[in-house]
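One structure is given here, and the rest of the page talks about it.
The values are calculated or read from the model by the stated rules, or taken from the named source; none is laboratory data. Given the structure is predicted, the values throughout are model-derived calculations rather than measurements. All Cβ positions, even for glycine, are placed from backbone atoms using ideal geometry, and neighbour counts span all protein chains on display. What goes into the accessible areas is simple: the full protein's heavy atoms, side chains included, and nothing from ligands, DNA or RNA. Shrake-Rupley method; radii C 1.70, N 1.55, O 1.52, S 1.80 Å.
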Amino acid sequence: MKVTVGPAQYIRNKSLLEDAGSYIKKFGKTAALIGGQISRGLVEDSLRKSLTEHEILLKQSLWYGGESSQANIDRLTAELKDANVDVLITTGGGKSIDTVKAVAYQLNKPLVAIPTIAATCAAATPIAILYSDDGEFIGIERKSKAPDLVLVDSEIITKAPVRFLIAGIGDTLAKWFETQASVKKAVPNILNQTAVAIAGKVYQTLLQIGKNAVTSVQTQTVTKELEDVIDTIILVSGSVSGYGGDDCRTAGAHAIYSGLTIFPEVHETYHGEIVAFGILAQLCMENTSEDELKTLIGYYQEVGLPFTLRQMGITNLTESQWQKLGEFTVTIEDMANMPFEVTPQMVIDAVRQADELGNGMLSEIPAV
């Protein structure tokens, strides 16, 4: 049995970046920073200063490439292979972090992650999600490593656009619904039952304080509720798949997310926003009552998550596009974690049902 619950160490605090070097120095004397264009701009000056104070040389600062793609992983691996750096530092969101997790695996280097948004649990998992260079989902890459250290500066998270946190809430809500589905195929044991318990706590936490956390970002205020939600999204949710392993993986919601990425217009919608809609479609496949679905959509309205295709930029799909969506979605690895066989028509029907219900709720919103 092999279990990777999460990163070796997770530290979260306000203004943490100013002291990052004191935590990173144990990994060596030279470093490379890899991340998004915006995220590197946010952290590089403070990080470089702190590293210098602890006699660590930041030798390179590299863009990860824009997509967590095999081409970017291969390019960075080749570029860093002979660079003589002791530790890799990645910053940004899930795609950036996943890319460098795969690079660190290939190079067998220590990895420090500095998320600048709380939108996924990428920093706390050992897997990487692969996409094409155009942003279409390809698969799950297991030649990847969990970071040795995660540093979360809650002040940086607070200054990011609120939509990132909202997307993180959507992605993290799926832990509960997908774990409930996937674990049905497993023999109960202490690990998968612990994962289920954590997923339940994650869900309740988001229901209770998710809106407060969103308000904190909107008002640029670091609050206990915000920091609890940050920890829930980045760290605690990652431990669900860590403890549960293949028994508690992503399921229908993420498969539908991956299926929807075949439409270019959805690429302006964030991962967790699409996953949130995928939850609704998964619940439709599971014959969840309309009242339960409406209650969940009510929460989406409260925090600002999308619940219709139109809200994600998808309109007027042709019958051939619907068919392509159904056929592609059932090929996604995540869909095999559902406790029953899913057909393309079931996907099409579920997405249509979720969209119809969502549009009904949209029309109920009073005009301002």
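In the range 158-171, the residues that are more than 13 Å from Y300 (Cβ to Cβ) reach residues that are outside any helix (DSSP H, G or I) and open to solvent by less than 10 Å² (accessible area, probe 1.4 Å) with C-beta atoms within less than 6 angstrom, at least six apart or across chains, in these pairs: L165/A118; G168/A118. Residues that are modelled with pLDDT of 95 or more and of a type in the set (D, E) occur at least once in the range 87-104. The conditions are (1) free of Cβ contacts under 8 Å to residues at least 24 places away in the same chain; (2) surrounded by 24 or more Cβ atoms within 10 Å (Cβ to Cβ), and A122 fails exactly one of them. Which is it? With respect to (1) free of Cβ contacts under 8 Å to residues at least 24 places away in the same chain; (2) surrounded by 24 or more Cβ atoms within 10 Å (Cβ to Cβ), A122 is out only on (1).
Say whether the condition of being farther than 30 Å from V87 by Cα and surrounded by fewer than 24 Cβ atoms within 10 Å (Cβ to Cβ) is met by at least one residue in the range 155-162.
yes
Picking from residues in the range 208-258 that are modelled with pLDDT under 95 and in contact with a Gly (Cβ under 8 Å, 6 or more places away or on another chain), the one that is farthest from L165 (Cα to Cα) is G242.
Just to be sure, is T172 within 20 Å of T269 (Cβ to Cβ) and open to solvent by less than 10 Å² (accessible area, probe 1.4 Å)? When the stated conditions are applied, T172 passes them. Candidates Q37, Q9, Q70, Q60: the one that is touching a residue at least 12 places away in the same chain (Cβ under 8 Å), open to solvent by 10 Å² or more (accessible area, probe 1.4 Å) and closer than 24 Å to V236 by Cα is Q9.
Of all residues in the range 274-292, none are open to solvent by 10 Å² or more (accessible area, probe 1.4 Å), without any contact (Cβ under 8 Å) to a residue 60 or more places away in the chain, closer than 25 Å to D134 by Cβ and out of contact with any Phe, Trp or Tyr (no Cβ under 6 Å at 6 or more places or on another chain).
Restricting L17, L80 to those that are under 24 Å from E141 (Cα atoms) and open to solvent by less than 20 Å² (accessible area, probe 1.4 Å) reduces the list to L80.
Of the residues Y243, Y300, Y270, Y257, only one is in contact with a His (Cβ under 8 Å, 6 or more places away or on another chain), aromatic (F, W, Y) and under 30 Å from L226 (Cβ atoms); which?
It is Y257.
Contact map, the range 184-195: first residue at negative phi, second residue assigned to a loop (DSSP other than H, G, I, E, B), Cβ cut-off under 8 Å, separation 6 or more or different chains; pairs are K184/P339; K185/P339; L191/V3; N192/A186. The set of residues in the range 299-316 being open to solvent by less than 30 Å² (accessible area, probe 1.4 Å) and either over 24 Å from G168 (Cα atoms) or not hydrophobic (A, V, I, L, M, F, W, C) (or both) consists of Y299, Y300, P306, T308. In the range 88-114, the residue that is surrounded by the fewest Cβ atoms within 10 Å (Cβ to Cβ) out of those that are touching a residue at least 60 places away in the same chain (Cβ under 8 Å) and closer than 16 Å to V275 by Cβ is G94. The number of residues in the range 171-197 that are under 17 Å from the mean Cα position of the chain (by Cα), farther than 22 Å from F340 by Cα and not charged (D, E, K, R) comes to 1. State yes or no: is I117 under 30 Å from F263 (Cβ atoms) and open to solvent by 10 Å² or more (accessible area, probe 1.4 Å)? For I117, the condition - under 30 Å from F263 (Cβ atoms) and open to solvent by 10 Å² or more (accessible area, probe 1.4 Å) - is met.
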